[in-house]
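Notes to accompany the following structure.
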Amino acid sequence: MARRWMSAGAVLAGLSLVWLPASALLISQIEFDLALPRGAVDTLTFSVLNNETDPLEIQISLADWDRDITGENRFYPPGTLPRSAAPWLSVSPLRFDLEPNKQQEVRFSIKVPSDIAGTYWAAIMVEAAPKQTQPQPPGTTVIVRRRFAVKVLETPPGTGTKDGRITLIDVRGLNPPNYLVEFENRGTIHAPRVTGRIELRDEKGTLLEKLDLESFPILPGAKRLLKVTSARKKGDLLPPGKYLVVAVLDYGGETLAGGQFVLRIKPLQLVPIGTASAPPQDLDKDGLYEDINADGKLTLDDPALLGLNLDRPAVQENARAFDFDNDGDADFDDVIALKKMAQGS
Ligand SMILES: [Ca+2]
Ligand SMILES: [Ca+2]
Ligand SMILES: [Ca+2]
């Protein structure tokens, strides 16, 4: 009965057991994206299957979760987050043993308050440990516990707001360009699939590059930082000049979220670095000037000289020529990257 409230995605996920890597514990559904009306009560189930050769001891508990700015899951005690649905959930059973090739159904009920709007969420944690067949003396065994999250999200239909903004566009590294786009969900509804694109245009508006962003989910109030590397080849440099980076994201709202960033690339003005008698050289013509002392070859003397002169204008005002790790600056990490290049050649 509960199935009719689920999104198509959740129903599809429920049709087959989901393989969780690094383990042979199978969970039939790892996300419930519910749309129960306010005040509703419902009971749902998922199954846990032991596909290993040894018996497992399973513990079930509630947790809060969100995602960090890179999209990684983070977990908290239940009821920590302001939009926690953990207080509405009750789960049974809370612990059970699972013999190999056996499965156990876990039931949870959800009681949606009548006065909420937007998405609330929590997780049902499934924790597996090897079953202890005989009592162990304390302090002598290490039990490997593995934790899996079954996510539960609830959004009463017709409630909440959709709002999304691009809060940052930047370019860090130019060879090839690395685009950064930060998006914030300023609404109260979970956006399960944000899609979008980045465009690079020259000063005349000519499209130089268009990249599709990998789609991502985002919780209310969350920010997500996307890093996208240009498809341009290393050494295929953008000539000095002014460029426009445009990002457009579709988060399912009535309008798209857009933003733009003006990228200015200054001409290099290379001068001798430190004790060198000539300006640094780009030996392989890839836009990076690895021959810091201009003796015609790349040796360990080059990172050493760069390291000694990192803070000098000769380096910092031409940072892109020495940005060997391509992160948009010339710093000690680039000295290390150049040292590795020198050792490898
Ligand atoms: Ca080079
Ligand atoms: Ca050299
Ligand atoms: Ca760098």
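Going residue by residue through the stretch 317-328, is there one that turns out to be within 30 Å of residue 201 (Cα to Cα), aliphatic (A, V, I, L, M) and free of Cβ contacts under 8 Å to residues at least 24 places away in the same chain? Even if it seems obvious, please write down each step before you answer.
Here is the first cut: in the stretch 317-328, the ones within 30 Å of residue 201 (Cα to Cα) are 317-328.
Checking the rest, the ones that are also aliphatic (A, V, I, L, M) come to 319, 321.
Add one more test, that the residue is free of Cβ contacts under 8 Å to residues at least 24 places away in the same chain, and what stays is 319.
Within the stretch 317-328, one or more residues are within 30 Å of residue 201 (Cα to Cα), aliphatic (A, V, I, L, M) and free of Cβ contacts under 8 Å to residues at least 24 places away in the same chain.
Total residues in the stretch 251-304 satisfying the condition of being among the charged types (D, E, K, R) and on the phi > 0 side of the Ramachandran plot: the figure is 1.
Taken together, the residues in the stretch 298-324 that are more than 12 Å from ligand 1 (Cβ to nearest atom) and either in the same structural domain as residue 171 (by TED's automatic domain parsing) or not in a helix (DSSP H, G or I) (or both) amount to 8. The set of residues in the stretch 218-269 being surrounded by 12 or more Cβ atoms within 10 Å (Cβ to Cβ) and of a type in the set (Ser, Thr, Tyr) consists of 229, 230, 243, 251.
Note on the stretch 1-53: among residues that are among the aromatic types (Phe, Trp, Tyr) and at pLDDT below 85, the one that is nearest to residue 192 (Cα to Cα) is 5.
A single entry from 252, 258 fulfils the requirement of being more than 13 Å from ligand 2 (Cβ to nearest atom) and assigned to a loop (DSSP other than H, G, I, E, B): 252. Cβ-Cβ distances below 7 Å connect the following pairs, each with a first residue in the stretch 269-289 that is in a strand (DSSP E or B), a second residue that is more than 16 Å from ligand 3 (Cβ to nearest atom) and at pLDDT 95 or above, and a separation of six or more residues or different chains: 281/291; 281/294. For the stretch 203-249, the tally of residues that are farther than 25 Å from residue 288 by Cα and either aromatic (Phe, Trp, Tyr) or not in a strand (DSSP E or B) (or both) stands at 8. Among the residues making up the stretch 203-217, those that are under 30 Å from residue 35 (Cβ atoms) and either in contact (Cβ under 8 Å) with a residue 40 or more places away in the chain or crowded, with 17+ Cβ neighbours inside 10 Å (or both) are 213, 216, 217.
Of all the numbered requirements in (1) more than 18 Å from the chain's Cα centre (by Cα); (2) outside the structural domain of residue 52 (by TED's automatic domain parsing); (3) surrounded by fewer than 21 Cβ atoms within 10 Å (Cβ to Cβ), residue 200 misses one, and that requirement is (3). Scanning the stretch 283-295 for residues that are surrounded by 15 or more Cβ atoms within 10 Å (Cβ to Cβ) and within 16 Å of ligand 3 (Cβ to nearest atom) yields 287, 288, 289, 290, 292.
Scanning the stretch 300-340 for residues that are over 19 Å from residue 170 (Cβ atoms), within 13 Å of ligand 3 (Cβ to nearest atom), among the aliphatic types (A, V, I, L, M) and surrounded by 15 or more Cβ atoms within 10 Å (Cβ to Cβ) returns 306, 310, 315, 321, 335, 337, 338.
Out of all the residues in the stretch 253-262, is one or more at pLDDT 95 or above and within 13 Å of ligand 1 (Cβ to nearest atom)? For the stretch 253-262, residues at pLDDT 95 or above and within 13 Å of ligand 1 (Cβ to nearest atom): absent. If you check 236, 295 for being within 16 Å of ligand 1 (Cβ to nearest atom), acidic (Asp, Glu) and out of contact with any helix residue (DSSP H, G or I) (no Cβ under 9 Å at 6 or more places or on another chain), only one passes: 236. Among the residues making up the stretch 158-177, those that are within 17 Å of residue 201 (Cβ to Cβ) and either assigned to a strand (DSSP E or B) or touching a Phe, Trp or Tyr at 6+ places or on another chain (Cβ under 8 Å) (or both) are 166, 169, 170, 171, 174, 177.
Kindly provide the set of residues from the stretch 308-345 that are more than 16 Å from ligand 2 (Cβ to nearest atom) and either under 27 Å from the mean Cα position of the chain (by Cα) or on the phi > 0 side of the Ramachandran plot (or both), ordered by number. Spell out how you get there, then give the answer.
Taking the stretch 308-345 and keeping what is more than 16 Å from ligand 2 (Cβ to nearest atom), we get 310-313, 316-320, 323, 325-333, 336.
Those that are more than 16 Å from ligand 2 (Cβ to nearest atom) and either under 27 Å from the mean Cα position of the chain (by Cα) or on the phi > 0 side of the Ramachandran plot (or both): 320, 323, 325, 326, 327, 328, 329, 330, 331, 332, 333, 336.
The values are calculated or read from the model by the stated rules, or taken from the named source; none is laboratory data. Source: prediction; values computed, not measured. Note that we place each Cβ from the backbone using ideal geometry, even for glycine, and neighbour counts take in every protein chain shown.
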